[in-house]
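Shown next, in structure tokens, is the structure this report addresses.
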Amino acid sequence: MGFSFSFGAAVGSGAHSRYYEQCLERFEEPLNEASIWLEESAKMKTSGFGWYNLPEQSDEEMEEILEVARWLKGYDAIIHVGIGGSSLGNLMLHQSLLPMYYNELPPSERGPRFYLADNPDPDKAFSIWERASTGRVALIGVSKSGATAETMSQFLWFKSMMERRFACDATDDILVITDPKEGVFRAFAETTGCRSLAIPPSVGGRYSVLSPCGLVTAEALGADAKCLLRGAREMKEYLSSAGGIGTNPARRLAAIHRFHERAGRPMAVMMPYANRLELFAEWFAQLWGESIGKNGLGTTPVRALGAIDQHSQVQLYTAGPDDKFYTILHVRSRPDEVLLPDVCDASLQPLSYLSGHGLGVMLGYEARSTAAALVKAGRPMVWIEMNGISERTVGALVFFYEYVTALTGRLMKIDPFDQPGVEQGKRYTYGMMGRASFSEDAKEAEAFFSRIVCDRLEA
């Protein structure tokens, strides 16, 4: 598949090396059990475990996705409305697999322009509409429940703007991606006859990127959805046969994360050295934070990007508190290398050491340098390399981290597929917006908020 996983610096300073080995020994059997638990629960289609089966989607399911993608390709612009698991995965796939500055390319070199309305900020909503409404617009609403306030409010607004702009019913230009049987979006699709795709009932939002949620727009804009699933399937097959903690990188990494959580390192830094993978760190942050942060346990995901954060964060990483575990993600090869020219100006001769090198080569040295600096400072880290960025490798990487996250949650004896803290915030918002049967939640939210503003200074 083109990956390598290096764990030689996973402990850090070495003071805990024996404790680490003991932990690995103790984690062996729980990880064996966790792997069986994943496989058997997925076979039974237990709620939350559906992501495990996504790499094996049927030909019929894929053809439905591809047919909708072909329809989307006929539009000038796509407005995708969703938040969290209904947005971050899309952005991650688009950034990693589509040409950079995709929307700015001439029409002959791209598909429809793509705009994602996630945060319900009116500035962003207006800006999207101003840019998208210059041609034919398709509106996609993504919410499994059809009740997510941020998504539904923006869906209603963009739908009304389309109807006003084009002076007609927008139904023929709408796609909803939602639960196959229940919820407001499903009722809307059945009532209006608009296009719809189903999110498998057993797939949670943050694990949905390899479902229609992420695949349909990726395919419509130029990525290969089948190849994404192929990469995920190859990684699944590899992890299912890679043996125990000594030979299986997912089991090893889950154990390492649990070790450092126990050792008092409450932060997990994900640092890819590739602009195309910047939003992979963002996607990881939601996956990890929502899945692992429960019952007073978990580690806080921290997003970083090399080499930018080499200049803004590595001072803290190497000389600040030893409270973080680091993952550096390195890309071995890049198809478009930028070679640096010979230095001719006398005043620039001190820079002649750069001549003949490629920017990609330099970025690789930057990654190795940061890793070496962390090791010198006694900081724990793992080093992951991938041969290149493609549908196969991205699909494999996505499945790998979903698998690691589920195993880590199991080691912590928490449910890695629910999100009770998120649900509480949703209930408060519903109440304050006036949704029926949530009035008590609104009162409770206001009572807690009053504790904040009781001590306020005005400037």
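What is the sum of charges, Lys and Arg at +1 and Asp and Glu at -1, for the other residues whose Cβ falls under 14 Å from the Cβ of residue 320?
0
Quick check for me: using +1 on Lys/Arg Cβ and -1 on Asp/Glu Cβ, what's the dipole size of the stretch 39-84 about its Cα centre, in debye to the nearest 20?
With only Lys, Arg, Asp and Glu charged at Cβ, the dipole is about 220 debye.
Under a plain spin-label model, where a point goes 7 Å from the Cα along Cα-to-Cβ, how far apart in nm are residue 300 and residue 19?
About 2.2 nm separates the two model spin labels.
Hey, can you rank 299-307, 393-401, 225-233, 115-123 by average C-beta count inside 10 Å, highest first?
393-401, 225-233, 299-307, 115-123
Can you give the local net charge around residue 90? Use residues other than it whose beta-carbon is closer than 12 angstrom to its beta-carbon, Lys and Arg +1, Asp and Glu -1.
Summing Lys/Arg as +1 and Asp/Glu as -1 gives -3.
Which order do the peptides 81-88, 145-152 come out in when sorted by mean C-beta neighbours inside 10 angstrom, highest first?
Per-residue mean Cβ counts within 10 Å order the peptides as 81-88, 145-152.
Determine ³J(HN,Hα), in whole Hz, for all residues of the stretch 216-229 in sequence, where each value follows from phi through the Karplus function 6.51 cos²θ - 1.76 cosθ + 1.60 and θ = phi - 60°; x replaces Gly and Pro.
Going residue by residue, I get 5, 6, 4, 5, 4, 8, x, 7, 9, 5, 4, 5, 4, 5 Hz, with x marking Gly and Pro.
Got a sec to turn the phi values of the stretch 198-205 into Karplus ³J(HN,Hα) couplings, 6.51 cos²θ - 1.76 cosθ + 1.60 with θ = phi - 60°, whole Hz, x for Gly and Pro?
Calculated HN-Hα couplings, in order: 9, 8, x, x, 8, 9, x, x Hz.
Run the helix sum for the chain: -39,500 (n - 2.57) per DSSP H stretch of 4+ residues, divided by residue count, reported at 222 nm to the nearest 500 deg cm²/dmol.
One gets -15500 deg cm²/dmol as the mean residue ellipticity at 222 nm.
Just want the answer: with Cβ charges of +1 for Lys and Arg and -1 for Asp and Glu, which residue in 143, 86, 289 is farthest toward the dipole's positive end in the chain?
289
Please compute the contact order of the chain in relative form: average sequence separation of alpha-carbon pairs under 8 Å and at least six residues apart, divided by the residue count, as a percent.
Relative contact order here is 21 percent.
Name all residues of the stretch 163-182 having a backbone nitrogen under 14 Å from the label point set 7 Å from the Cα of residue 191 along its Cα→Cβ direction, giving them as ranges.
171
Would any residue of the stretch 78-93 have its amide N under 18 Å from a label point 7 Å out along Cα→Cβ of residue 147? List them or say none.
Counting only backbone N, you get 83-86.
Just order 366-376, 271-281 by mean Cβ neighbour count inside 10 Å, highest at the front, would you?
271-281, 366-376
Can you compute the modelled spin-label distance between residue 136 and residue 456, with each label point 7 Å from Cα toward Cβ, in nm?
5.0 nm
Under a 5 Å amide H to amide H cut-off, with H placed in plane at 1.01 Å, what residues pair with residue 197 once short-range neighbours are removed?
Those qualifying (amide H under 5 Å, at least 5 residues apart or on another chain) are 176, 177, 178.
Residue 116's amide H: which non-local residues (gap 5+, or another chain) put their own amide H closer than 5 Å, with H modeled 1.01 Å from N in plane and none for Pro or chain starts?
80
Under a Cβ-Cβ cut-off of 10 Å, what is the net charge of the residues other than residue 218 that fall near it, where Lys and Arg count +1 and Asp and Glu count -1?
Computed value for this residue: -3.
Please state the charge dipole magnitude for the chain, taken about the Cα centre, from unit charges on C-beta atoms (+1 on K and R, -1 on D and E), reported in debye and rounded to the nearest 20.
Using only the charged Cβ atoms, the result is roughly 680 debye.
Work out from phi, with θ = phi - 60° and the Karplus expression 6.51 cos²θ - 1.76 cosθ + 1.60, the ³J(HN,Hα) of each residue of the stretch 144-151, listed in order in whole Hz, and give x for Gly and Pro.
Whole-Hz 3J(HN,Hα) from phi for the stretch 144-151: 5, 7, x, 10, 5, 4, 4, 6.
Where a number appears in this text, it was derived from the coordinates with a stated rule and is not lab data. Computed from a predicted structure; not experimentally measured. Quick reminder, even Gly has a Cβ in these numbers, built from the backbone with ideal geometry, and neighbours come from all protein chains shown.
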